[in-house]
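The values are calculated or read from the model by the stated rules, or taken from the named source; none is laboratory data. Quantities reported herein were computed from a predicted structural model and do not represent experimental measurements. Backbone-built Cβ (ideal geometry, glycine too); neighbour counts: all protein chains shown.
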Amino acid sequence: MTYHLPAGRTAHGPYVVDVTPRTAGWGFSALRVLNLPPGGTHTFDSDDSEWIVLPLSGGCTVATAGDSGRDTFELIGRHSVFGGVSDFAYVPRDARTTVTSAAGGRFALTGARCTRRLPARYGPASSVPVELRGTGNCSRQVNNFGAAGVFECDRLIAVEVITPGGNWSSFPPHKHDEHRPGEESVLEEIYYFEFAGHDGVPGLGYQRASPSGQGRGTDVLAEVRDGDVVLIPDGWHGPSMAVPGHHMYYLNVMAGPDAERAWLIRDHPDHAWIRGTWPERPVDPRLPLYTAPERSA
């Protein structure tokens with residue numbers, strides 16, 4: 001199994017990224033990235049999965065129809081993942097959904113196989129908690145739009161991480177591949193990467209995953225660029241390293257078999273001590289790159 005999927009490797013039909021449980025060889029997590037030209041439209045069936053439609057660049061209309069009727073959401077979106085928090089739309093399982101973009105754009109569909117059919121909903125950008133995690137060169141920004149405890153889903157967990165150039169994130173290395181109630185959950189994870197260029201030069205970074213003794217023995221050291229995907233079925237994952245001068249963005253999609261929808265992790269015992277040094281150092285002054293907009297009255 002190849003866990004590093006360079007840009008274009010998973011392209012299928014209208015999707016420039018199309019990772020399904022079947023193609024990943026696991027049970028739950030999925031990711032699609034859809035590019036639409038101005039005036040473009042795309043219709044898909046959610047089947048046995050729940051989905052969040054998240055603009056990466058541009059805005060769109062999301063219209064979804066199921067047994068309970070039809071819901072339509074206008075997503076303002078954003079210029080780029082480095083320009084602001086985005087609003088989003090939740091699409092339930094067993095529905096037909098059409099995404100339309102008047103000006104065109106790029107849209108992520110983060111998905112997970114599920115059993116409950118929750119209602120379609122709109123997630124405003126103003127409701128997205130923006131978290132600063134770590135300090136010093138471990139500083140990063142997390143946009144918790146689809147985190148457990150923030151936005152209700154059946155199984156899907158999805159967040160965005162921005163790592164300033166020269167910093168490390170997903171550190172200390174951690175794992176979530178064993179069911180240990182209250183301590184660790186079982187989650188399949190997808191990383192999707194984008195980078196800020198400089199003077200026309202594209203950015204890049206590096207992603208590491210190492211065997212934990214569970215599952216497939218996942219072992220990855222990959223140079224990642226715009227549009228690349230890394231699959232984490234098991235194992236210690238991290239660091240995610242942004243080269244100096246180029247901010248790194250990744251979208252994390254997670255889901256798993258546990259009854260409780262929770263992100264519970266275990267730090268690598270060789271590196272867990274680094275968390276104890278964070279209070280002694282300031283957060284990278286480049287962060288936050290942006291904050292969520294104010295809630296309207």
Members of the range 12-51 that are in contact with a helix residue (DSSP H, G or I) (Cβ under 9 Å, 6 or more places away or on another chain), of a type in the set (Ser, Thr, Tyr) and within 18 Å of Phe193 (Cβ to Cβ): Ser29
Members of the range 156-169 found to be in a loop (DSSP other than H, G, I, E, B) and surrounded by 24 or more Cβ atoms within 10 Å (Cβ to Cβ), listed by number: Leu156, Asn167
Subset of the range 109-142 that is assigned to a strand (DSSP E or B) and among the hydrophobic types (A, V, I, L, M, F, W, C) - its residue that is nearest to Cys153 (Cα to Cα): Ala112
Taking the condition more than 23 Å from Leu56 (Cα to Cα), free of Cβ contacts under 8 Å to residues at least 40 places away in the same chain and not in a loop (DSSP other than H, G, I, E, B), does Gly238 pass? no
Subset of the range 77-108 (residues that are closer than 25 Å to Pro164 by Cα and assigned to a strand (DSSP E or B)): Gly77, Arg78, Phe88, Gly105, Arg106, Phe107, Ala108
If a residue must be touching a Lys or Arg at 6+ places or on another chain (Cβ under 7 Å) and at positive phi, how many such residues does the range 212-230 contain? 0
Consider Gly276 carefully, then state whether it is surrounded by fewer than 17 Cβ atoms within 10 Å (Cβ to Cβ), closer than 22 Å to Glu131 by Cα and free of Cβ contacts under 8 Å to residues at least 24 places away in the same chain. yes
Do we have Phe44 as within 21 Å of the chain's Cα centre (by Cα) and not in a strand (DSSP E or B) here? no
Counted residues in the range 52-98 being surrounded by fewer than 16 Cβ atoms within 10 Å (Cβ to Cβ) and of a type in the set (Lys, Arg) come to 2
Log entry, pairs with first residue in the range 147-168 being touching a residue at least 60 places away in the same chain (Cβ under 8 Å), second being acidic (Asp, Glu), beta carbons closer than 6 Å, six or more apart or on different chains, reads Cys153/Glu50; Asp154/Glu50; Leu156/Glu50; Pro164/Asp284
First in the range 1-25 and of a type in the set (Ser, Thr, Tyr), second anywhere and in a loop (DSSP other than H, G, I, E, B), Cβ under 8 Å, 6 or more apart: Tyr3/Thr218; Tyr3/Pro233; Thr23/Thr10
Inspect the range 209-222 for any residue being β-branched (Val, Ile, Thr), under 19 Å from Val159 (Cβ atoms) and surrounded by 19 or more Cβ atoms within 10 Å (Cβ to Cβ) and give the result as yes or no. no
Applying the selection to the range 261-297, what residues are at pLDDT 95 or above, among the hydrophobic types (A, V, I, L, M, F, W, C) and in a loop (DSSP other than H, G, I, E, B)? Ala262, Trp263, Leu264, Ile265, Val283, Leu287, Leu289, Ala292
Within the range 131-145, is there a residue that is more than 15 Å from the chain's Cα centre (by Cα) and free of Cβ contacts under 8 Å to residues at least 60 places away in the same chain? yes
